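In what follows, a structure is listed as structure tokens, so that the remarks can point back to it.
Where a number appears in this text, it was derived from the coordinates with a stated rule and is not lab data. Being a predicted model, the structure only gives us computed values, none of them experimental.
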Amino acid sequence: MRVPTRMRPKRADELVGGSIHWIVKHRLIGRQQILRFEERKDGRTDIVLAARLELIAPSPKRAHQGWRYLDDAEAPRAGDEDASGVTQLPPQLYGRLAALALV
């Protein structure tokens, strides 16, 4: 899978082997491994990702522009649980509760 970006990240070499985390509707929902960066003819950069999407427990996350770097200790992992039990909710129910700002 390829994701185009306008600017090559300054720390691109460090990111290879790491992950890109996906935020959808202000929720962090999954991650994919970064395989490499490739320059395009139009001056943009492709982020080449592994095909497998690893789902993680949904958690609220503000939308942002640009790159954010997380240390391994800070990065969410599959199976991470919180004490509230929110991660056990079915995705559709979680989505509805989040839309109502209840989670």
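Could you give each residue of the stretch 38-46 its phi-based ³J(HN,Hα) in whole Hz, using Karplus coefficients 6.51, -1.76, 1.60 with θ = phi - 60°, and x for Gly or Pro?
With coefficients 6.51, -1.76 and 1.60, one gets 10, 6, 9, 5, 7, x, 7, 10, 9 Hz.
Can you give me the long-range amide H partners of residue 103? Hydrogens built in the peptide plane at 1.01 Å from N, cutoff under 5 Å, separation of 5 or more residues or another chain.
Here 98 satisfy the definition.
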